[in-house]
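J.: Below is one structure. I have some questions about it.
The values are calculated or read from the model by the stated rules, or taken from the named source; none is laboratory data. Quick caveat, the model's predicted, so the values are computed rather than measured. Reconstructed Cβ throughout: ideal geometry from the backbone, glycine too, with neighbour counts over all protein chains shown.
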Amino acid sequence: MRQYETVIGLETHVELATESKIFCSCSTKFGSEANTQCCPVCTGMPGTLPLLNRQVVELAVRAGLALGCTINLQNQFDRKNYFYPDLPKAYQISQLYQPICINGGVDIGGKTIGIHEIHMEEDAASLIHDPFRDCSKVDYNRCGVPLIEIVTEPDFRSAEEVQTYLELLKQRLVYLGVSDCKMQEGSLRVDVNLSVRPVGAEELGTRTEMKNLNSFKAIGRAIDYETRRQIELLEEGGRVVQETRRWDENKDASYAMRSKENAQDYRYFPEPDLPLVSLTAVYVEQLRSNQPELAEAKRARYVAEWGLTDYDAVTITAEKSVAVFFEAVVAQGVPPKETANWVMGQVLRRMKEEESEEIPMEPAALARIIELVLAGKINRTGAVTVFDGVFGGGDVDEFVADHGLEQVSDDGFILFCIDQIMAEQDTVVAEYRSGKEKVFGFLVGQVMRKAQGKAAPEKVNELLKERLNQP
Amino acid sequence: MELTKEMLRHLAKLSRLDEGAAMGMENDLNRILEDMKILESIDISGVDLLTVKEAVSLRPDMVKPSFDRELLLSCAPETDGEGYFVPKAVE
Amino acid sequence: MKSNIFITQVPTEGTKRLAVKDNICTKGVRTTAGSRILEHFVPPYSATAVDRLMAAGWSLCGKTNMDEFGMGSTGETSFFGATVNPVDPSRVAGGSSSGSAAAVALGLCDAALGTDTGGSIRQPAAYCGVTGFKPSYGAVSRWGLIAYASSLDQIGPIGKTAEDCYQVLRDMCGQDERDMTSRALPADFLPEGLNGEVKGLRVGMPRECFGGGLDSEVEAAVRACGAKFSDLGAEVSDCSMPSFSAAVAAYYVIACAEASSNLSRYDGVKYGFRGEGFENLNEMYVNTRDQGFGSEVQRRILLGTFVLSSGYYDAYYKRASAVREVIRREFARLFEEYDLLLMPTTPTVAPRLGESLSDPATMYKADLYTVPVNLAGLPAISVPCGVNRDGLPIGAQLIGGFMKDGLVLNAAYGFQQGGGAK
């Protein structure tokens, strides 16, 4: 059998994190009741006109800059015409002839993936199938949510490369504040264009497009499936048909989508209701100069300025919310390394338990806990109790007081406990004084218990040793 | 440019009009297209369409209250008060 | 109503009665665009122009009849029946603002709103013997105007005189944040009042506009208008517009292309008419649009779809857009030498009912004087300048430079005050 190589290009749709839709002032909030975030514009009513949201342009430029693109200072919108119930105007306002960003590249480690273009467009409505009436119900809430579509060159050669690119892309876009990139909520959607060709061949094979890929894992499986399918087809002497295929999670296979006509002709032409998007070089440079710090830059900074290890830096910057939280705690004035341990330990633990990317805790609260520990005011066990107690909110000092977790470093109180224990455990004391050093730990434990956890262990050790060594 | 019945059928499909009615307009449409040949005789060198358009002014990213759902749905041909019904859309 | 002027009448007691063409949305009042597909559509919003006019004291007295979606030159494509000419009921009122022009002519309102994409205000004004003005593109908001061709459509006033038109325009013009194609108006857009001063105005009469096909009585009346301007102190002379002959072709390519896209939203899903007898989604679309649209609209949709389709886009749409720019530049150069251009509004007087629709290619060619103006986005007015031997009205057209709306209205006012035919 011949050796084949897989050639893949990706089209990624990203919902932009704006407050309002791209062409009207309706909210973009996810998850509201059907058709409660709509207006005549986003439902395509007669006589309505699109009004371009400036934040959409800004986020598109930021994304383009972070992906190494050239920004088209003069760019325009075009109409993409086709009929479907999720498209109220029966055309989508998109960009074809002059998209906002072109000719970028993303380094995935040892290789650069070319970005062909990035363009702005509006999202379509959602269709729900109603089984009782055997018809579809349209919800226009999502209609008009701003999207950017990021189109790569066919530079991928494996599912692993695709995975690396997508993880990097997601991280970058989240760090930029461009999108929250949640595949499960539809704010990141990936279509895969795949073809195969014999190794060494110059020409590209016929490609298919795969849709409905709802997770990075599904993308990997779909790539494997389609590669096998195409190779088998070619080996049998058949030809790959250029078509769109729908990935079926349950069946772990893709199926050709029924196409209503031979060829879809979208009849793109410049959107007459929207004048040219005209940007100045100054505007673009301003955005370039105040781009939010990306993960790579943060990692370098943590290592150089705060002496964190590479491992620590990578762990903390994996999720933007974690990095932001970490920096906010350090900004309160507590040591970065100590903070890093807490973040990588307790904070990540709680996030995993709650299956959430959000951190409800106040950065000031963790800073306070760290302060108290370092000052010896609470011990580490007590600190974890406080942490869990105030993770969802609450005052640290109040919690410490309410739960009696404050350590006493008052020598008098500790000596009092020590004296009591030494009196109660006189035989053990005698054993220690006769040379049996390992009973020291037992005595420390007894003193700690007598002090009801309020004694600083270091102080107990110090003072007990002193007392025991006194005749 | 001659429009054939086959082309008209395709155009009707694209625009969701009746194919028979479209094919019946063959003569009229071809006569109209004949009159458009004059466009080829005008010198268009030196025209750059991209620079012709005015620049757009941008809207601030602020949410304003949406339309009352009931009001929007009052125009709908078929609704359950929550959404718009259409015959099953095939993927 | 026998003369079919209003689609919906609105009882009103106001003194400034405004009739509004039925493709302009009026909140809570049926708005049909002259089509079956919107026969029962009641918009939950009003056009900006309507809001502004109501706020300025005008009151809505009715929604006027029109060619379906603005597509037509006679009023005969209306689903609700043609509006007949108030002067001669065997003839058409013109289109597409047929009802508005007729209503003004018959005194059923104090002024009316029409819309003009290729002449739809000026031409029916000429046929009905009233004054109709198309503002510069972007001077009046298109929010709430049911779109025919987005880069060409404008709302404009129709009245007995230029003064009436001026009053309406003043109350509705100005940039609208809901329409990104609307413009900030220059300070000299409209004067505080019209003074009719035409002395010294340089008026050009393009010789290409006075060629074959132009009815001799129409030509005579328009030339007389030119002579009148001369008497009033204007400098009237010959000039040339070489690309004039290509304007109709460029217009119909662009207008039909934009219309084919603008009318796709009428699919029976969200509002309006939904067709009968369908078994699946595709049939619903086709039945809705086949039953809902008249044949002129369907013809233009097909034409528009064709000129945008793959393989034909460059030769038709792109080329027509470039020709449009050539025409715009030609006008701009003329307006360096002239303040106004004077030409006929139409090549003939109003045709008889039933004569035009069977030959659309010929019907389209009759728009030759009005469409160049829309392509260039310029302000233009049609003023009555006489009648023919049968008493049928003739209109003369004055065109001004971009955003020189005040100058055009003032010149028309001066002509009418100076004894120009009313």
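J.: Considering only segment A:292-308, I want to know if a residue exists there that is over 30 Å from A:GLN98 (Cβ atoms), β-branched (Val, Ile, Thr) and modelled with pLDDT of 95 or more. Outline the logic, then answer.
T.: The initial filter retains those residues of segment A:292-308 that are over 30 Å from A:GLN98 (Cβ atoms), namely A:293, A:295-308.
Keeping just the survivors that are β-branched (Val, Ile, Thr) gives A:303.
Okay, now just the ones that are also modelled with pLDDT of 95 or more, so A:303.
Yes, the conditions are met somewhere in segment A:292-308.
J.: For residues that are in contact with a strand residue (DSSP E or B) (Cβ under 8 Å, 6 or more places away or on another chain) and either within 30 Å of C:VAL286 (Cβ to Cβ) or aliphatic (A, V, I, L, M) (or both), tally how many sit in segment A:71-94.
T.: Taking segment A:71-94 first, the residues in contact with a strand residue (DSSP E or B) (Cβ under 8 Å, 6 or more places away or on another chain) are A:71-82, A:85-86, A:90-94.
Still in the list and also either within 30 Å of C:VAL286 (Cβ to Cβ) or aliphatic (A, V, I, L, M) (or both): A:71, A:73, A:77-82, A:85-86, A:90-94.
So the answer is 15.
J.: With the requirement that a residue be buried (at least 24 other Cβ atoms within 10 Å of the Cβ) and aliphatic (A, V, I, L, M), what does segment C:5-24 give you?
T.: C:ILE5, C:ILE7, C:LEU18, C:ALA19, C:VAL20, C:ILE24
J.: From the set of residues in segment B:4-25 that are assigned to a loop (DSSP other than H, G, I, E, B) and at the interface with chain C (Cβ under 7 Å from one of its Cβ atoms), which is surrounded by the most Cβ atoms within 10 Å (Cβ to Cβ)?
T.: Initially, segment B:4-25 is screened for residues assigned to a loop (DSSP other than H, G, I, E, B), giving B:4, B:15-18, B:24-25.
From the residues that got through so far, the ones that are at the interface with chain C (Cβ under 7 Å from one of its Cβ atoms) too are B:15-18, B:25.
Numbers: B:SER15: 26, B:ARG16: 23, B:LEU17: 24, B:ASP18: 16, B:MET25: 21.
It comes out as B:SER15.
Condition check ((1) touching a residue at least 24 places away in the same chain (Cβ under 8 Å); (2) within 12 Å of chain B (Cβ to nearest Cβ); (3) surrounded by fewer than 22 Cβ atoms within 10 Å (Cβ to Cβ)) across all residues:
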position	(1), (2), (3)
C:THR26	yes, no, no
C:GLY34	yes, no, no
C:ILE37	yes, yes, no
C:THR48	yes, no, no
C:MET54	no, no, yes
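J.: Limited to segment C:226-241, what total is found for residues that are in contact (Cβ under 8 Å) with a residue 60 or more places away in the chain and in contact with a helix residue (DSSP H, G or I) (Cβ under 7 Å, 6 or more places away or on another chain)?
T.: 6
For (1) in a strand (DSSP E or B); (2) surrounded by 19 or more Cβ atoms within 10 Å (Cβ to Cβ); (3) among the β-branched types (Val, Ile, Thr), each residue gets a yes or a no:
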| site | (1), (2), (3) |
| --- | --- |
| B:ILE32 | no, yes, yes |
| B:ASP35 | no, no, no |
| B:GLU40 | no, no, no |
| B:ASP43 | no, no, no |
| B:PHE67 | no, yes, no |
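J.: Filter the helices (runs of 4 or more DSSP H) completely within segment C:76-182 down to those with at least 3 residues that are more than 16 Å from the chain's Cα centre (by Cα). Steps first, please.
T.: Numbers: elements: C:98-105, C:122-128, C:162-172.
Fully inside segment C:76-182 and qualifying: C:162-172.
This table checks each residue for (1) under 20 Å from C:SER260 (Cα atoms); (2) crowded, with 24+ Cβ neighbours inside 10 Å; (3) free of Cβ contacts under 8 Å to residues at least 60 places away in the same chain.
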residue: C:PHE293; (1), (2), (3): yes, yes, no
residue: C:ILE301; (1), (2), (3): yes, yes, yes
residue: C:VAL307; (1), (2), (3): yes, yes, yes
residue: C:GLY311; (1), (2), (3): yes, no, yes
residue: C:TYR316; (1), (2), (3): yes, yes, no
residue: C:SER358; (1), (2), (3): no, no, yes
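J.: Please work out which one of (1) more than 7 Å from chain C (Cβ to nearest Cβ); (2) in contact with a helix residue (DSSP H, G or I) (Cβ under 9 Å, 6 or more places away or on another chain); (3) in a loop (DSSP other than H, G, I, E, B); (4) not hydroxyl-bearing (Ser, Thr, Tyr) is the condition A:GLU58 fails and give its number.
T.: Here A:GLU58 meets the rest and fails (3).
J.: A further question follows. Might you check whether a residue that is loosely packed, with under 15 Cβ neighbours inside 10 Å and at negative phi occurs anywhere in segment A:263-270? I'd like the intermediate steps shown before the answer.
T.: To start, the set of residues in segment A:263-270 that are loosely packed, with under 15 Cβ neighbours inside 10 Å comprises A:263-264.
Restricting the remaining residues to those that are at negative phi gives A:263-264.
Looking for residues that are loosely packed, with under 15 Cβ neighbours inside 10 Å and at negative phi, one finds at least one in segment A:263-270, hence yes.
J.: On to the next question. Within the bounds of segment A:436-444, is there any residue that is within 25 Å of A:VAL343 (Cβ to Cβ) and either of a type outside the set (A, V, I, L, M, F, W, C) or touching a residue at least 12 places away in the same chain (Cβ under 8 Å) (or both)? Before the answer, list the steps.
T.: Going residue by residue through segment A:436-444, those that are within 25 Å of A:VAL343 (Cβ to Cβ) are none.
Scanning segment A:436-444, I find no residue that is within 25 Å of A:VAL343 (Cβ to Cβ) and either of a type outside the set (A, V, I, L, M, F, W, C) or touching a residue at least 12 places away in the same chain (Cβ under 8 Å) (or both), so the answer is no.
J.: Search segment A:68-101 for residues being of a type in the set (D, E, K, R) and part of a strand (DSSP E or B), and hand back the single one that is surrounded by the fewest Cβ atoms within 10 Å (Cβ to Cβ). Reasoning before the result, please.
T.: Keep residues of segment A:68-101 that are of a type in the set (D, E, K, R), which gives A:78-80, A:86, A:89.
Still in the list and also part of a strand (DSSP E or B): A:78-80.
Numbers: A:ASP78: 23, A:ARG79: 26, A:LYS80: 20.
Filtering segment A:68-101 for residues that are of a type in the set (D, E, K, R) and part of a strand (DSSP E or B), the one surrounded by the fewest Cβ atoms within 10 Å (Cβ to Cβ) comes out as A:LYS80.
J.: Give the number of residues within segment B:74-91 that are at the interface with chain A (Cβ under 7 Å from one of its Cβ atoms), surrounded by 15 or more Cβ atoms within 10 Å (Cβ to Cβ) and of a type in the set (A, V, I, L, M).
T.: Adding up the residues that qualify gives 2.
J.: Take the residues of segment A:131-142 that are surrounded by 14 or more Cβ atoms within 10 Å (Cβ to Cβ) and free of Cβ contacts under 8 Å to residues at least 60 places away in the same chain: which is nearest to A:THR28 (Cα to Cα)? Give the derivation first.
T.: Our first condition is that a residue be surrounded by 14 or more Cβ atoms within 10 Å (Cβ to Cβ); within segment A:131-142, this holds for A:135-142.
Narrowing the set further to residues that are free of Cβ contacts under 8 Å to residues at least 60 places away in the same chain leaves A:135-136, A:138, A:142.
On the way: A:CYS135: 26, A:SER136: 23, A:VAL138: 17, A:ARG142: 7 Å.
Applying the filter and picking the extreme gives A:ARG142.
J.: Could I ask something else about it? Testing A:GLU353 on (1) surrounded by fewer than 17 Cβ atoms within 10 Å (Cβ to Cβ); (2) part of a loop (DSSP other than H, G, I, E, B), one condition comes back false. Which one is that?
T.: (2)
J.: When you go through (1) touching a Leu at 6+ places or on another chain (Cβ under 9 Å); (2) within 30 Å of B:PHE85 (Cα to Cα); (3) among the acidic types (Asp, Glu) one by one for C:GLU235, which number turns out not to apply?
T.: Answer for C:GLU235: the failing condition is (2).
J.: Do we find that A:VAL106 is surrounded by fewer than 22 Cβ atoms within 10 Å (Cβ to Cβ) and of a type in the set (Val, Ile, Thr) in this structure?
T.: Numbers: surrounded by fewer than 22 Cβ atoms within 10 Å (Cβ to Cβ): yes; of a type in the set (Val, Ile, Thr): yes.
Taking the combined requirement at face value, the residue satisfies it.
J.: Going through segment A:61-77 one residue at a time, which ones are more than 10 Å from every other protein chain (Cβ to nearest Cβ) and in contact with a Ser or Thr (Cβ under 6 Å, 6 or more places away or on another chain)?
T.: Across segment A:61-77, there are no qualifying residues.
J.: Going by the conditions given, is B:ALA22 within 19 Å of A:GLN76 (Cβ to Cβ) and either out of contact with any Phe, Trp or Tyr (no Cβ under 7 Å at 6 or more places or on another chain) or aliphatic (A, V, I, L, M) (or both)?
T.: Numbers: within 19 Å of A:GLN76 (Cβ to Cβ): no; either out of contact with any Phe, Trp or Tyr (no Cβ under 7 Å at 6 or more places or on another chain) or aliphatic (A, V, I, L, M) (or both): yes.
Considered against the rule, which asks whether it is within 19 Å of A:GLN76 (Cβ to Cβ) and either out of contact with any Phe, Trp or Tyr (no Cβ under 7 Å at 6 or more places or on another chain) or aliphatic (A, V, I, L, M) (or both), B:ALA22 comes out as no.
J.: Within 30 Å of B:LEU49 (Cβ to Cβ), surrounded by 15 or more Cβ atoms within 10 Å (Cβ to Cβ) and modelled with pLDDT under 95: which single residue out of A:VAL277, A:VAL284, A:VAL240 fits that description? Please lay out each step first, then the result.
T.: Details: A:VAL284 fails: modelled with pLDDT under 95; A:VAL240 fails: within 30 Å of B:LEU49 (Cβ to Cβ).
Of A:VAL277, A:VAL284, A:VAL240, the one residue that is within 30 Å of B:LEU49 (Cβ to Cβ), surrounded by 15 or more Cβ atoms within 10 Å (Cβ to Cβ) and modelled with pLDDT under 95 is A:VAL277.
J.: Let me ask something additional. What tally of residues in segment A:14-30 results from selecting those that are in a loop (DSSP other than H, G, I, E, B) and free of Cβ contacts under 8 Å to residues at least 60 places away in the same chain?
T.: Quick first cut of segment A:14-30, residues in a loop (DSSP other than H, G, I, E, B) only: A:16-19, A:21-26, A:28-30.
The next check asks that each one be free of Cβ contacts under 8 Å to residues at least 60 places away in the same chain; those that pass are A:19, A:25, A:29.
Adding up the residues that qualify gives 3.
J.: Among the helices (runs of 4 or more DSSP H) contained in segment A:271-350, which hold 3 or more residues that are more than 14 Å from chain B (Cβ to nearest Cβ) and closer than 21 Å to A:VAL178 by Cα? Working first, answer last.
T.: Numbers: elements: A:281-289, A:295-306, A:310-317, A:320-330, A:336-342.
Fully inside segment A:271-350 and qualifying: A:281-289, A:295-306, A:320-330.
J.: Just for segment B:26-48: of the residues that are over 16 Å from C:SER358 (Cα atoms) and among the polar types (S, T, N, Q), which one is farthest from the other protein chains (Cβ to nearest Cβ)?
T.: B:SER45
J.: Looking at B:ALA12, B:ALA89, which is the one that is over 24 Å from C:MET363 (Cβ atoms) and among the small types (Gly, Ala, Ser)?
T.: Being over 24 Å from C:MET363 (Cβ atoms) and among the small types (Gly, Ala, Ser) holds for just one of B:ALA12, B:ALA89, which is B:ALA89.
J.: A further question follows. Output the residue which, of all residues in segment C:172-182 that are surrounded by fewer than 20 Cβ atoms within 10 Å (Cβ to Cβ) and more than 8 Å from every other protein chain (Cβ to nearest Cβ), is nearest to A:ILE22 (Cα to Cα).
T.: Only one residue fits best here, namely C:GLN175.
J.: Can you name the condition, by its number, that C:GLY386 falls short on among (1) buried (at least 21 other Cβ atoms within 10 Å of the Cβ); (2) more than 28 Å from C:SER295 (Cβ to Cβ); (3) of a type outside the set (S, T, N, Q)?
T.: Only one criterion in (1) buried (at least 21 other Cβ atoms within 10 Å of the Cβ); (2) more than 28 Å from C:SER295 (Cβ to Cβ); (3) of a type outside the set (S, T, N, Q) is unmet by C:GLY386, namely (1).
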